[in-house]
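A.B. asks: Could you have a look at this structure, given as structure tokens, before my questions?
The values are calculated or read from the model by the stated rules, or taken from the named source; none is laboratory data. Not measured: the values here are computed from a predicted model. Here the Cβ positions follow ideal geometry from the backbone for every residue, glycine too, while neighbour counts run over all protein chains shown. The accessibility values were calculated without ligands, DNA or RNA, using every heavy atom of the protein model including side chains. Shrake-Rupley method; radii C 1.70, N 1.55, O 1.52, S 1.80 Å.
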There are 2 protein chains.
Amino acid sequence: MPAHDAVEVIIAKRDGAELSDSQIDWVIDAYTHGEVADEQMSALAMAVLLNGMTRREIARWTNAMIASGERMDFSSLSRPTADKHSTGGVGDKITLPLAPLVAACGVAVPQLSGRGLGHTGGTLDKLESVPGWQAALSREAMLAQLEDVGAVVCAAGSGLAPADKKLYALRDVTGTVEAIPLIASSIMSKKIAEGTGSLVLDVKVGTGAFMKDLERARELASTMVALGTDAGVRTVALLTDMSTPLGLTAGNALEVRESVEVLAGGGPADVVELTLALAREMLAGAGRTGVDPAEVLASGAAMDCWRRMISAQGGDPAADLPVARETHVVTAPTTGLLTRLDAMAVGLAAWRLGAGRATQGAAVQAGAGVEWHARPGDLVTSGAPLLTLHTDEPERFSRALESLEGGYDVQPTGTAYEPTPIVLDRVS
Amino acid sequence: MPAHDAVEVIIAKRDGAELSDSQIDWVIDAYTHGEVADEQMSALAMAVLLNGMTRREIARWTNAMIASGERMDFSSLSRPTADKHSTGGVGDKITLPLAPLVAACGVAVPQLSGRGLGHTGGTLDKLESVPGWQAALSREAMLAQLEDVGAVVCAAGSGLAPADKKLYALRDVTGTVEAIPLIASSIMSKKIAEGTGSLVLDVKVGTGAFMKDLERARELASTMVALGTDAGVRTVALLTDMSTPLGLTAGNALEVRESVEVLAGGGPADVVELTLALAREMLAGAGRTGVDPAEVLASGAAMDCWRRMISAQGGDPAADLPVARETHVVTAPTTGLLTRLDAMAVGLAAWRLGAGRATQGAAVQAGAGVEWHARPGDLVTSGAPLLTLHTDEPERFSRALESLEGGYDVQPTGTAYEPTPIVLDRVS
């Protein structure tokens with residue numbers, strides 16, 4: 001006789017009750033083993049979305065998802081570990097310069113990453129544009145690279161939080177993605193199971209992000225920080241702007257190129273600023289004080305680490321990156337001040353050009369994406385290039401151009417313009 | 001390219017929007033044909049339960065379920081038709097005397113009924129305790145019996161509202177039964193598809209009913225009355241008490257016996273009162289004025305019709321009814337006034353004695369059930385029989401007795417007692 005049944009648990013949450021530890025443990029375990037059916041879990045997910053969960057429920061739910069699979073352990077490493085997770089943004093290549101930078105400061109960075117789906121790119125897709133680079137690593141190879149190089153970006157194995165994997169696929173088709181308790185437990189179950197000692201969350205806010213407004217982003221951030229802290233992972237979150245895309249490119253090889261510029265001491269100012277802000281948080285979380293990541297970046301040590309990190313996974317850091325076969329230039333409509341460049345518009349355009357995928361497992365183009373030649377606050381000249389679109393398939397231009405319509409504003413020179421800071425808030 | 005997709009419809013209802021006609025038509029049709037998956041429909045059902053539906057949405061949803069199957073038509077009959085539907089109660093044998101009584105008054109009564117599940121019995125289960133009686137009739141046989149005898153109680157075919165059949169089974173396992181829009185559309189889609197000219201709804205209220213409080217029962221009743229009226233079916237609802245079980249018996253053969261007593265001019269006063277109240281509404285709905293059902297009952301014409309109705313479906317109205325092999329008597333604990341006899345306690349006891357089923361398709365005992373020898377307001381004597389339990393399997397007594405614990409109160413003689421009326425309200 002099982003301890004609970006699915007209808008009892010669904011009705012409790014439906015009627016606004018707080019689920020007991022025993023109910024949560026049972027329902028996650030039974031769902032993982034197929035004893036709770038998909039149609040029951042989706043009804044429960046909808047009830048959670050509409051009626052919410054307490055902090056205690058979310059923590060128990062997260063723990064139950066961790067318990068559904070294996071856990072990793074980095075305690076044998078000679079260095080402390082720090083991980084970073086971004087909720088996903090347009091042009092968000094920060095992991096690429098950040099991981100080698102933090103590793104060069106003496107902290108091991110295990111970045112178990114995913115592929116992109118929809119308008120935001122995936123870190124693995126970006127790195128796969130480097131000739132020869134492989135995302136799949138055995139656990140032993142990953143640990144050896146962490147000890148040796150200090151940074152690894154690789155595909156997460158299927159053994160961590162399998163309940164989350166199953167639930168995430170279900171939420172995707174049942175309109176139950178946008179529930180803060182389910183988002184927070186999904187992210188944190190994987191990060192806690194992974195075994196990092198400290199974690200910095202980059203919660204994106206704005207038109208190009210999953211969270212469109214600051215209040216909901218702050219709620220998600222504080223929920224995740226509490227989950228991490230309770231599980232013994234030193235966790236902090238930065239709320240960062242995603243109304244404008246990061247840097248000057250969105251795409252796979254395009255973003256690798258921009259990341260290498262940052263590692264070489266150049267690159268767009270916003271990418272450098274956010275990379276350093278996250279690096280400082282990761283170093284603090286790992287207890288590595290007295291190291292200034294800006295100095296390490298300037299010293300070239302981060303670039304050295306990048307090259308070793310790429311080589312260790314079969315990539316050639318000196319190889320030319322793929323370039324799309326076709327380009328299309330969009331010029332500025334008038335002379336004036338660029339006051340807005342919408343992250344969602346740019347993200348959709350890059351996706352439609354072939355940089356992203358619409359269904360899991362589909363291929364992406366390495367060279368496809370969008371470059372913009374000005375950022376909000378910059379002056380533009382009528383007829384001069386504003387955006388360059390890249391794709392191997394020119395028939396994709398028209399749909400990409402559609403998504404850019406209304407996606408930027410040029411105002412008369414002299415219009416007052418107040419830049420949005422990159423880091424909007426910090427939750428610890 | 002389909003007009004809609006499931007996630008879009010789910011998210012619209014989740015976020016509190018009113019679904020369009022096109023969304024509702026699409027989702028019911030696609031669900032019937034397996035293009036919307038169970039896990040999507042259950043998430044939608046939960047969103048409907050928690051966020052509600054407007055009258056327009058409920059009407060469209062009902063129509064879409066009717067359109068998923070075939071419709072019947074009684075317009076070829078020489079008499080007007082009237083149907084009755086009860087939301088289910090303990091000891092609710094009213095259909096048995098009511099159908100022949102209304103037929104004897106000149107109105108055709110097509111009662112497409114179901115079997116019981118849980119603590120309330122099913123009309124077909126009760127009639128099947130009559131030796132030889134068959135629930136299954138072809139459509140032609142049903143129409144012929146309606147024309148000839150005037151009353152038929154038979155199993156509903158599977159061709160009416162198949163979308164409802166599929167959705168009802170899903171709601172049962174996903175905690176989404178208790179949604180007024182879904183309950184109302186489920187009942188009314190079948191009744192409208194059946195083609196009755198008028199309909200009287202008996203909406204039960206109280207501990208033994210699906211609806212525990214008057215406000216929700218009134219909301220359900222008015223929703224169903226509006227649906228029927230909009231579909232051209234003259235519809236009225238009575239809200240009736242189900243805090244106390246009806247009559248003096250709950251069980252299959254036990255209730256047939258009590259019904260025959262009513263047809264013979266005797267029987268418990270509450271059963272007679274409710275039968276006559278519903279008969280008057282059915283006659284009025286069918287436009288049959290100037291006939292007093294109390295006189296028709298007293299004349300013996302309703303009993304004649306009962307005998308013909310039973311015989312037409314292979315039953316022997318003169319045969320002895322089955323009797324359970326074992327009985328157990330519960331005596332009154334003290335001398336005094338019986339002030340409460342709880343419908344749910346009695347219903348559960350009858351179910352546990354074998355009168356009902358726990359899973360669809362299971363067999364029921366014809367003789368099992370509960371008799372009570374007093375009703376609230378009656379004086380009882382310490383040690384005298386209060387309840388008699390009937391079953392073929394004496395090992396069932398202990399669980400039945402458990403469900404009766406705390407199910408009745410005996411107060412000192414002289415305690416003030418205010419009887420609850422049977423008919424609590426009328427919605428038209």
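A.B. asks: What is the set of long-range amide H partners of A:D425 at a cut-off below 5 Å, with H atoms built 1.01 Å from backbone N?
C.D. replies: HN-HN under 5 Å from A:D425: A:L239.
A.B. asks: Simple spin-label model, 7 Å along Cα-to-Cβ: B:E35 to B:V329 in nm?
C.D. replies: Placing both labels 7 Å along Cα→Cβ, they lie 6.6 nm apart.
A.B. asks: Just to confirm the filter: which GluC sites (Glu not before Pro) across the range A:376-428 are DSSP coil and have at most 15 other Cβ within 10 angstrom of their Cβ?
C.D. replies: Details: sites: A:E395, A:E402, A:E405; in loops: A:E405.
Those satisfying the criteria are A:E405.
A.B. asks: Quote the FRET efficiency, to the nearest 0.05, computed for A:D425 versus A:A169 with a Förster distance R0 of 41 Å and r equal to the Cβ-Cβ distance.
C.D. replies: On the way: r = 32 Å, r/R0 = 0.78.
It comes out at approximately 0.80.
A.B. asks: Next up: Starting from 0.36 nm per residue, how many nanometres of slack lie between A:S382 and A:T54 once their C-alpha separation is accounted for?
C.D. replies: Numbers: separation 328, 0.36 × 328 = 118.08 nm, distance 5.41 nm.
Contour length minus the Cα-Cα distance gives 112.7 nm.
A.B. asks: How large is the accessible surface of B:E393 in square angstrom, using a 1.4 angstrom probe and rounding to the nearest 10?
C.D. replies: Accessible area, nearest 10 Å²: 70 Å².
A.B. asks: I've got another one for you. Could you give the spread of the C-alpha atoms of the range B:142-192 along their three principal axes, from largest to smallest, in whole angstroms?
C.D. replies: Principal extents (Cα only, largest first): 43, 18, 14 Å.
A.B. asks: In addition: Of B:K166/B:K191; A:K13/B:K93; A:K126/A:K165; B:K126/B:K190; A:K212/B:K13, which sit over 25 Å apart, Cα to Cα? Kindly include the intermediate steps, with their values, before the conclusion.
C.D. replies: Details: B:K166/B:K191 17 Å; A:K13/B:K93 36 Å; A:K126/A:K165 22 Å; B:K126/B:K190 21 Å; A:K212/B:K13 20 Å.
A:K13/B:K93, as the Cα separations exceed 25 Å there.
A.B. asks: If you don't mind, there's one more thing I want to ask. Where does the Debye-calculated log10 I(q)/I(0) of chain B sit at q = 0.12 Å⁻¹, using only Cα point scatterers of equal weight, no solvent?
C.D. replies: -1.00
A.B. asks: What's the center-to-center distance, using Cα atoms, between the range A:263-340 and the range A:104-181 in Å?
C.D. replies: With the range A:263-340 and the range A:104-181 each reduced to a Cα centre, they are spaced 19 Å.
A.B. asks: Suppose accessible area is computed on protein heavy atoms with a 1.4 Å probe; arrange A:Y168, A:Y408, B:Y31 from highest to lowest. Walk me through the numbers before you get to the answer.
C.D. replies: Numbers: A:Y168 90, A:Y408 55, B:Y31 5 Å².
Accessible-area ranking of A:Y168, A:Y408, B:Y31, largest first: A:Y168, A:Y408, B:Y31.
A.B. asks: Can I ask one more? For the protein assembly as shown, evaluate the Debye formula with one uniform point scatterer on each Cα (no solvent term) and list log10 I(q)/I(0) at q = 0.05, 0.08, 0.11 Å⁻¹, rounded to two decimals.
C.D. replies: -0.41, -0.80, -1.15
A.B. asks: Tell me, how many Å apart are the Cα centres for the range B:11-44 and for the range B:360-396?
C.D. replies: Going from one Cα centre to the other spans 45 Å.
A.B. asks: Divide by every residue of chain B the summed helix terms, -39500 (n - 2.57) for each DSSP H run of at least 4, and state the resulting mean residue ellipticity at 222 nm, rounded to the nearest 500 deg cm²/dmol.
C.D. replies: Details: 16 runs with 180 residues, N = 428.
Per the formula, -13000 deg cm²/dmol.
A.B. asks: While we're on this one: What FRET efficiency do you get for B:E8 and A:E147 if R0 is 45 Å and r is their Cβ-Cβ distance, rounded to the nearest 0.05?
C.D. replies: Working: r = 49 Å, r/R0 = 1.08.
So the FRET efficiency works out to roughly 0.40.
A.B. asks: Size of the dipole of the range B:326-411 about the Cα centre, Lys and Arg at +1 and Asp and Glu at -1 on the beta carbon, nothing else charged, in debye to 20? Present the calculation step by step, with values, prior to reporting the outcome.
C.D. replies: On the way: 6 positive and 10 negative charges, 36 e Å.
Using only the charged Cβ atoms, the result is roughly 180 debye.
A.B. asks: Further, regarding this structure: Along the charge dipole of chain B, pointing to its positive end and built from +1/-1 on Cβ of Lys, Arg, Asp and Glu, which listed residue (B:G407, B:M309, B:I94) has its Cα farthest out?
C.D. replies: Of B:G407, B:M309, B:I94, it is B:M309.
A.B. asks: Would you tell me the mean number of C-beta atoms belonging to other protein chains that fall within 10 Å of each C-beta in A:30-37, as a whole number?
C.D. replies: On the way: counts 0, 0, 0, 0, 0, 0, 0, 6.
Neighbouring Cβ atoms belonging to other protein chains average 1 per residue here.
A.B. asks: Let me ask something additional. Evaluated at 25 °C with a viscosity of 0.890 mPa s, what Stokes-Einstein diffusion coefficient in µm²/s does the range B:326-411 have when Rh comes from the Kirkwood expression over alpha-carbon pairs? List each step's numbers first, then the result.
C.D. replies: Working: Rh = 13.1 Å.
Result for D is 187 µm²/s.
A.B. asks: Please report the relative contact order for the range A:1-79, taking Cα pairs under 8 Å with a sequence separation of at least 6, and give it as a percent rounded to a whole number. Kindly include the intermediate steps, with their values, before the conclusion.
C.D. replies: Working: 54 pairs, mean separation 28.7, N = 79.
For the range A:1-79, the relative contact order is 36 percent.
A.B. asks: Expressed in nm to one decimal, what extension gain is obtained for the pair B:E405 and B:A318 from 0.36 nm per residue of sequence separation less their Cα-Cα distance? Before the final figure, lay out the partial values.
C.D. replies: Numbers: separation 87, 0.36 × 87 = 31.32 nm, distance 3.74 nm.
Full extension from B:E405 to B:A318 adds 27.6 nm.
A.B. asks: Starting from the Cα of A:T413, step 7 Å along the direction of its Cβ; do the same at A:S158; then give the gap between the two resulting points in nm.
C.D. replies: Simple spin-label model gives 6.0 nm for this pair.
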